[in-house]
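Here is the structure we will look at, set down as structure tokens.
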């Protein structure tokens, strides 16, 4: 059985003072849980998080990574730099990076490769906009985003990765895909990977990332192909985040 993963994406939130309280509460609260837990704070807070979480069961992740190993790329952060701060995970292709920074499927694939080559676990984010869903293009959009990785690196690359399905229309809107809607896309993702390698597909963890809250986490995580969550706003409230982690532990 796949071990569930709950990863908190802080986005561009946090202060040193608030972080210290939140991280200490999460560190204490996840002790003894069977699911994996990780937090992805903004770059400037990685050192603080590394220090507070040292020796704990909480993994550390980053919100993005450069496709370049080093060089004249002002403002970029390499995979090697993330490793020095104790990161295990890194998000690649988050919908906000695609929309606000124009990251293409090819660039996301390059970031995926940079993370994987460095020994980080890439969390590949895929998902459709509201217009794409209304046009009936959900599965084709997600399939294209997956194919950017599968066609370039082969299905074996997914054995050391995580996928997060994040319907763009459900991020930060308070709207959540129904458990059935989310499960349908997760099942389609797994089937697409299984068409190339059933064993890799069976072991692949696919997270749901669209307004997960304590109130809906149990039902969402109870679906056959939903292996945890990529949590946004609720990850900034210790009680909410811990209750979501408890839901993944059932």
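Once every DSSP H run of n ≥ 4 in the chain is given -39500 (n - 2.57) and the sum is divided by its residues, what mean residue ellipticity at 222 nm do you get, rounded to the nearest 500 deg cm²/dmol? Could the numbers behind the result be given before it?
On the way: 11 runs with 111 residues, N = 250.
Helix-only estimate at 222 nm: -13000 deg cm²/dmol.
Could you tell me the relative contact order of region 191-250? Use alpha-carbon pairs under 8 Å, at least six residues apart, and round to a whole percent.
Numbers: 64 pairs, mean separation 19.8, N = 60.
That works out to 33 percent.
Using packing as a proxy for protection, rank 209-217, 13-21 so that the peptide with the highest average count of other Cβ atoms within 10 Å comes first.
Details: 209-217: 21.7, 13-21: 13.1.
Those peptides, ordered most packed to least, come out 209-217, 13-21.
With an 8 Å cut-off on Cα pairs and a minimum separation of 6 or more residues, tell me the relative contact order of region 5-248 in percent.
Reported relative contact order: 20 percent.
Applying a 10 Å radius around every beta-carbon, put 116-123, 226-233, 96-103, 137-144 in order of their mean neighbour count, most first.
Working: 116-123: 19.9, 226-233: 25.9, 96-103: 14.5, 137-144: 16.2.
Those peptides, ordered most packed to least, come out 226-233, 116-123, 137-144, 96-103.
Just want to confirm a number: the relative contact order over region 139-204, from Cα pairs under 8 angstrom separated by 6+ residues, in percent.
Details: 35 pairs, mean separation 27.4, N = 66.
Relative contact order comes out at 42 percent.
Per Stokes-Einstein, at 20 °C and 1.002 mPa s, what whole-number D in µm² s⁻¹ belongs to region 93-149, with the Kirkwood radius over Cα pairs as the hydrodynamic radius? Walk me through the numbers before you get to the answer.
Values: Rh = 11.9 Å.
Using the Kirkwood radius from Cα pairs, D works out to 180 µm²/s.
If each residue's Cβ is checked for other Cβ atoms within 10 Å, how do 81, 12, 1, 158 rank with the fewest at the top?
Numbers: 81 18, 12 8, 1 4, 158 24.
Least crowded to most crowded, the residues run 1, 12, 81, 158.
What residue among 88, 190, 152 shows peak mean-square fluctuation when the chain is described by a Gaussian network model with Cα springs under 10 Å?
Evaluated over the chain, the most mobile residue of the options is 152.
Would you look at the GNM of the chain, springs on alpha carbons closer than 10 Å, and say which of 89, 208, 45 moves the most?
Maximum among the listed residues: 45.
Take the chain, connect every pair of alpha-carbon atoms lying under 10 Å apart with a spring to form a Gaussian network, then pick out the residue of 115, 224, 234 with the largest mean-square fluctuation.
Greatest mean-square fluctuation among the candidates belongs to 224.
A short reminder: the numbers here are calculations on the coordinates, not readings from a lab. Small disclaimer: the values here were computed from a predicted structure and weren't measured. Here the Cβ is made from the backbone with ideal geometry for all residues, glycine too, and neighbour counts use every protein chain on show.
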